[in-house]
Amino acid sequence: MTDLENYSPGPAYGAQVQKGGDKWTLILVRQLRHSPDKVWSALIDPAQVREWAPFVIDGDLGTVGNTVKLTWVGNPTPIDTKVTQADAPKVLEFGDIRWELEPGEGGTRLTLWTNIDRRFVAWGAAGWHIAFDVLDRLLSGSPIGRLAGPEAMKFAGWRRLVKEYAAQFGVKEPNWPPNTGQK
């Protein structure tokens, strides 16, 4: 069950970049209304990941040394990805992605670090912004359905966020891909 028709992302916030070379580190922070244990489960369980993340996994991310096939939405080629850190429910690291979960008032402060081609850092920030919104609604019991990859690029809210994040990061917006359509 989804309710994407009524979804509109809020303004760009909680993001920064560490610049260096062709790959930059995108850092996004969100306060979620859920316990660290609940958020942790959503980060490592393949069934939950499929509902909100811009990728799917074929195994458990919760054990150091596990290798899973990670497949990004819009790219059919799976990537063998090794879990390098899994300290439940505090730190999870695999591939170029690192998550930190900190308990706080009424929920969890979730921080994501991910390396991304500098040319597409605003796209990545917009995509993760939406993924965090979808995650929060999923964990609240009001799922709206995953919005990622080519489908996200058709979404007016994503395009608005790209502009806002590009301005925040002081970068030029990448050229829009052909045939993105509008929703």
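Looking only at region 102-125, which residues are part of a strand (DSSP E or B) and not β-branched (Val, Ile, Thr)? Passing the criteria: Glu102, Pro103, Gly104, Gly107, Arg109, Leu110, Leu112, Trp113, Asn115, Asp117. Candidates in region 8-51 are the residues that are hydroxyl-bearing (Ser, Thr, Tyr) and closer than 23 Å to Val68 by Cα; of these, the one that is surrounded by the most Cβ atoms within 10 Å (Cβ to Cβ) is Ser41.
Rundown of residues vs (1) in contact with a His (Cβ under 9 Å, 6 or more places away or on another chain); (2) farther than 30 Å from Ala166 by Cα; (3) among the charged types (D, E, K, R), yes/no style:
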residue	(1), (2), (3)
Leu26	no, no, no
Trp40	no, no, no
Ala53	no, no, no
Thr67	no, yes, no
Val73	no, no, no
Pro78	no, no, no
Glu93	no, no, yes
Trp123	no, no, no
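Would you be able to tell me the number of residues in region 61-72 that are surrounded by fewer than 18 Cβ atoms within 10 Å (Cβ to Cβ) and in contact with a Pro (Cβ under 7 Å, 6 or more places away or on another chain)? So the count comes out to 3.
When Leu138 is tested against (1) modelled with pLDDT of 95 or more; (2) surrounded by 19 or more Cβ atoms within 10 Å (Cβ to Cβ); (3) hydrophobic (A, V, I, L, M, F, W, C), only condition (2) is not met.
In region 151-164, the residues that are acidic (Asp, Glu) form Cβ pairs under 9 Å with partners that are at pLDDT 90 or above, at six or more places apart or across chains, as follows: Glu151/Val73; Glu151/Gly74; Glu164/Pro11; Glu164/Ala12; Glu164/Tyr13; Glu164/Ala122; Glu164/Ala125; Glu164/Ala126. What do you reckon, is Trp99 in a strand (DSSP E or B) and touching a Leu at 6+ places or on another chain (Cβ under 7 Å)? Considered against the rule, which asks whether it is in a strand (DSSP E or B) and touching a Leu at 6+ places or on another chain (Cβ under 7 Å), Trp99 comes out as yes. For residues that are crowded, with 20+ Cβ neighbours inside 10 Å and not aliphatic (A, V, I, L, M), scanning just region 74-106, find the one that is farthest from Ala148 (Cα to Cα). It comes out as Pro89.
The values are calculated or read from the model by the stated rules, or taken from the named source; none is laboratory data. Quick caveat, the model's predicted, so the values are computed rather than measured. Cβ: placed from backbone, ideal geometry, glycine included. Neighbour counts: every protein chain shown.
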